[in-house]
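This report concerns only the one structure given below.
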Amino acid sequence: MKTLHNNLVCAMVAMALGTAATVGAANSKDSSASFPVLSKATQIELPAKAAELVSKADAKHREQMTIDVVKAAVGLNPAAAPNIVASIAHANPEMAATAAATAASLLPDNAAEIARVAAVAAPKKSGQIVTAVCRVVPKQYKAIANAVAEAAPDQTKQILAGLSTAFPMLEMPLNKIILSYSGNNIPTVPSVLNQVPSSLVPTPTVAPTTTATEPTATTGSPQLAPPTYGAPYVIPPGGHVNLDPGSGVTVPVRNYAAP
């Protein structure tokens, strides 16, 4: 009887462990068709296999395939996320921003490193990478932009433009800082961002699509909040005023800091 009891206990423990492993695998995999293919790849093969799946997708569905592949591959091996993104970006530069943003949405603490490797693999897409990743992890915009600038130092204008695209509220402060430099002395991204007020916490203008809730059998289509609109702009009495650049008049700058 004691042996039978021990066998039953062992069987129950094994069953519990097996169930836990199954649930873990279900949570890590994407519901796309890419998971079965990626799950057969070794850890070393995974980044290249992910890039191969994206490359084989037709142009119309390549962006969605990139999102699905990154979700599935990172779910299988989160530590390989930078290599997965780099491999996809190198083989498909036009998907660098999508791959980086998708991975950053899954691993926000690694957003800057993910953006950096994407820029190393596809430097000409640095501006798009900054825009996409910053929209997913907006509070890390400085670290993300600096990391991309480290990977692609000759893309300063594109990187700063990418920040302005993600956060229009930064456009005026960034332009003001850049104009303070004379001649062809183009400032570095870190030197520009160091002059942005720390109180300025930008928010993205467009919600990232990579983190949207996917429809399920029970929830149906994801529910989106209706848009909100502020009060219409009213021209102050007296109309507009043309300012002479040499008059010394200081134009007040709106404080966009979060309340």
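The values are calculated or read from the model by the stated rules, or taken from the named source; none is laboratory data. Just so you know, these numbers come straight off a predicted model, no measurement behind them. Note: ideal-geometry Cβ built from the backbone for every residue, glycine included; neighbour counts use all protein chains shown.
For segment 48-68, the criterion of a residue being at pLDDT 95 or above, among the small types (Gly, Ala, Ser) and touching a Phe, Trp or Tyr at 6+ places or on another chain (Cβ under 9 Å) is satisfied by no position.
Checked against (1) out of contact with any helix residue (DSSP H, G or I) (no Cβ under 7 Å at 6 or more places or on another chain); (2) assigned to a helix (DSSP H, G or I); (3) not polar (S, T, N, Q), residue 181 meets all criteria but (2).
Residue-by-condition table, conditions (1) in contact (Cβ under 8 Å) with a residue 40 or more places away in the chain; (2) buried (at least 20 other Cβ atoms within 10 Å of the Cβ); (3) more than 17 Å from residue 167 (Cβ to Cβ); (4) of a type in the set (Val, Ile, Thr):
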{"site": "79", "(1), (2), (3), (4)": "no, no, yes, no"}
{"site": "91", "(1), (2), (3), (4)": "yes, no, yes, no"}
{"site": "97", "(1), (2), (3), (4)": "no, yes, no, no"}
{"site": "113", "(1), (2), (3), (4)": "no, no, yes, no"}
{"site": "116", "(1), (2), (3), (4)": "no, yes, yes, no"}
{"site": "123", "(1), (2), (3), (4)": "no, no, yes, no"}
{"site": "126", "(1), (2), (3), (4)": "no, yes, no, no"}
{"site": "134", "(1), (2), (3), (4)": "yes, yes, no, no"}
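Evaluation of residue 31 against the conditions (1) modelled with pLDDT under 95; (2) surrounded by fewer than 16 Cβ atoms within 10 Å (Cβ to Cβ); (3) in a helix (DSSP H, G or I) shows that the sole unmet condition is (3). Residues of segment 140-172 that are in contact (Cβ under 8 Å) with a residue 60 or more places away in the chain and buried (at least 20 other Cβ atoms within 10 Å of the Cβ): 141 alone.
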